[in-house]
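Undergrad: Quick one: the structure is below, and I'll ask about it shortly.
Each reported figure results from applying straightforward, stated rules to the coordinates on display, with no laboratory input. Just so you know, these numbers come straight off a predicted model, no measurement behind them. Neighbour counts are summed over all protein chains in view; Cβ atoms, including those assigned to glycine, are modelled from backbone coordinates with ideal geometry.
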Amino acid sequence: MSYVVAIGGANLDINAQPNSAVLALDSMTGTISTSFGGVARNIAENLARLHLDCHLLSAVGEDTSGLALLQHTERAGVKVDEVLRVAGTRTGMYVSINDAQGDLSIAVNDMAVLEHLTAAYLREKQALLKQAALIIADTNLSQACLTALFEQAGQIPVFIDTVSVQKASKIRAHLANIHTLKPNRLEAEYLSGMSLDHDAAAPAVASWFLDQGVTNIVLSLGERGLYCADRQAQVWLKPLSVAVCNTSGAGDALMSGLVYGYLSGYSLCQAARFAQGCAALTLGVAQANCPNLSPAAVMQLLSVHDANNSLGLL
């Protein structure tokens, strides 16, 4: 199995977890923690924990946060030699405030350093990209950088994490070049122009993405589960029951599981169920990356939830 290249955000995460309901224009007690995040970086760390060879392409400042981020990511097993270090610029930051249940309430990101990830930078990494088994990118990249990526990728499968509604518009013109897309409800509604307010709408929305040329579409619909579709089948997967500590990073873990499943030869349904296991493990920890994530840990969790082995994963 060859390596994977993850391209996009790498930043310092600051997360606030209040002890009670969030009150506007007021202060409240809670817990504030810092960790290293960024969608592409989180995915890369997860893939390393899933025993996949992964290179990260991103940009950080030549500051204390950037150095610590690279050291942490490298210790996790990710190759970071090609990450751009930009003098005179601060490393990206993401500040989030959860509600009392651990779900995101509001967040602000400062990722101006990623403007240094240009089409020219990607051309410099052409040899690395051409030998990859798979490329994952997030929409923190600029429009020009994403366009260059799709042009360079050729026949290499490209998995895209849409990140947010605001940033999802960057891929609208490139849907036919995307192998696997994992939007949440709001992102899918924005891109398709169709409502997902009830379960019966999911098949039509998924079919819309397939008609645009997406090979695999995985609609991530929170407590409603996943709706997965390719040219062969469409299926609902109910969410795994798990005690939620923090939702930050769960979507990145889900994408990591989809990558692992694809490279392991799983069907889309099997890959999505494995991905749900990755997300469930991540939901149960305070960090954006589960330190105990591994193929064995995911299989063990799934064996508890899928005792009848109906998906043939175990």
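Undergrad: Just to confirm my numbers, what's the Cα centroid distance between the stretch 97-140 and the stretch 195-253 in Å?
TA: 22 Å
Undergrad: With +1 on each Lys and Arg Cβ and -1 on each Asp and Glu Cβ, how big is the dipole of the chain about its Cα centre, in debye rounded to the nearest 20?
TA: Here the chain has a charge dipole of around 520 debye.
Undergrad: When the helix-only estimate is applied to the chain (DSSP H runs of n ≥ 4, each -39,500 (n - 2.57), divided by the residue count), what is the mean residue ellipticity at 222 nm, nearest 500 deg cm²/dmol?
TA: Theoretical 222 nm ellipticity from helices: -10000 deg cm²/dmol.
Undergrad: Along the charge dipole of the chain, pointing to its positive end and built from +1/-1 on Cβ of Lys, Arg, Asp and Glu, which listed residue (Ser169, Gly265, Gly61) has its Cα farthest out?
TA: Gly265
Undergrad: Turning to a different aspect of this structure: What is the antiparallel percent of DSSP beta bridges lying wholly in the chain, to the nearest 5?
TA: Once the DSSP bridges in the chain are tallied, antiparallel ones form about 45 percent.
Undergrad: Using only the Cα atoms of the stretch 177-286, build the gyration tensor, take square roots of its eigenvalues as a ≥ b ≥ c, and label the shape rounded, prolate or oblate: rounded if a/c is under 1.5, else prolate if a/b is larger than b/c, else oblate. Before the final figure, lay out each step's value.
TA: Details: a/c = 1.86, a/b = 1.31, b/c = 1.42.
Oblate, because a/c is 1.5 or more while a/b does not exceed b/c.
Undergrad: Note down, for the stretch 1-140, the three equivalent ellipsoid semi-axes (square root of 5 times each alpha carbon gyration tensor eigenvalue), biggest first, whole angstrom.
TA: Equivalent ellipsoid of the stretch 1-140: 30, 17, 13 Å, largest first.
Undergrad: State which stretch of the chain is the longest one without any exposed GluC sites (Glu not before Pro), exposure meaning a DSSP loop state and at most 16 other Cβ atoms within 10 Å. Display every interim value, and only then the final one.
TA: Values: sites that count: Glu62, Glu82.
After excluding every exposed loop site, the longest remaining stretch is 83-314.
Undergrad: Another question, then. Could you run the Karplus curve 6.51 cos²θ - 1.76 cosθ + 1.60 with θ = phi - 60° over the stretch 189-195 and give me ³J(HN,Hα) per residue in whole Hz, x for Gly and Pro?
TA: Listing the rounded values in order: 5, 5, 5, 8, x, 10, 7 Hz.
Undergrad: Can I ask one more? What's the magnitude of the charge dipole for the stretch 88-236 around its Cα centre, counting Lys and Arg as +1 and Asp and Glu as -1 at the beta-carbon? Answer in Debye, nearest 20.
TA: Numbers: 11 positive and 15 negative charges, 105 e Å.
Computed about the Cα centre, the dipole is about 500 debye.
Undergrad: May I ask you to evaluate 6.51 cos²θ - 1.76 cosθ + 1.60, the Karplus curve with θ = phi - 60°, for each residue of the stretch 98-113 and list the ³J(HN,Hα) values in order in whole Hz, giving x for glycine and proline?
TA: Result, rounded to whole Hz: 8, 8, 5, 8, x, 8, 4, 9, 7, 8, 9, 10, 10, 10, 4, 4.
Undergrad: Quick check for me: using +1 on Lys/Arg Cβ and -1 on Asp/Glu Cβ, what's the dipole size of the stretch 65-166 about its Cα centre, in debye to the nearest 20?
TA: About 360 debye.
Undergrad: Still on this model: Under the 0.36 nm per residue contour assumption, what length would be gained going from the current alpha-carbon distance of Ala173 and Lys238 to full extension?
TA: Here the segment from Ala173 to Lys238 would lengthen by 20.3 nm.
Undergrad: Which parts of the stretch 281-298 would a label at Thr31 reach, counting a residue when its backbone N lies under 13 Å from a point 7 Å out along Cα-to-Cβ?
TA: 284-288
Undergrad: Mean 1/r over all different Cα pairs, inverted: what Kirkwood radius does the stretch 167-230 give, in Å?
TA: In the stretch 167-230 this quantity evaluates to 11.4 Å.
Undergrad: List the lysines whose Cα lies under 21 Å from the Cα of Lys182, skipping any in the same chain that are fewer than 8 positions away.
TA: Candidates past the 8-residue exclusion: Lys167, Lys170, Lys238.
Undergrad: Sticking with this structure for a sec: Out of all DSSP beta bridges with both ends in the stretch 173-307, state the antiparallel percent to the nearest 5.
TA: Once the DSSP bridges in the stretch 173-307 are tallied, antiparallel ones form about 75 percent.
Undergrad: If you take the charge dipole of the stretch 16-121 about its Cα centre, with +1 on Lys and Arg Cβ and -1 on Asp and Glu Cβ, which of Tyr94, His72, Asn42 is farthest toward its positive end?
TA: Projecting each Cα onto the dipole axis, the largest value belongs to His72.
Undergrad: List, in order, the whole-Hz ³J(HN,Hα) value for each residue of the stretch 52-62 obtained from phi through the Karplus relation with A = 6.51, B = -1.76, C = 1.60 and θ = phi - 60°; use x for Gly and Pro.
TA: Here the 3J(HN,Hα) series is 9, 6, 9, 9, 9, 10, 7, 9, 9, x, 8 Hz.
Undergrad: Okay, moving on. I need two numbers for the stretch 56-138: Rg to one decimal and Dmax as a whole number, Cα atoms only, in Å.
TA: 15.0, 47
Undergrad: Looking at the P(r) of the stretch 140-182, how many percent of alpha-carbon pairs lie beyond 14 Å? Can you show the working numbers first?
TA: Values: 385 of 903 pairs.
In whole percent, the share of Cα-Cα pairs in the stretch 140-182 beyond 14 Å is 43.
Undergrad: Pick out, in residue order, every one of the trypsin sites (Lys or Arg not before Pro) in the stretch 182-290 that is DSSP loop and has at most 15 other C-beta atoms within 10 Å; say none if there are none. Walk me through the numbers before you get to the answer.
TA: Numbers: sites: Arg185, Arg224, Arg231, Arg273; in loops: Arg231.
Listed in order of number, the matching sites are Arg231.
Undergrad: Can you give me the C-alpha center-to-center distance between the stretch 141-185 and the stretch 257-290, rounded to a whole angstrom?
TA: Answer, in whole Å: 20.
Undergrad: To continue, here is another question. Of the DSSP beta bridges with both residues in the stretch 58-178, give the percent that are antiparallel, rounding to the nearest 5.
TA: Working: 6 of 13 bridges.
Here the antiparallel bridges make up roughly 45 percent for the stretch 58-178.
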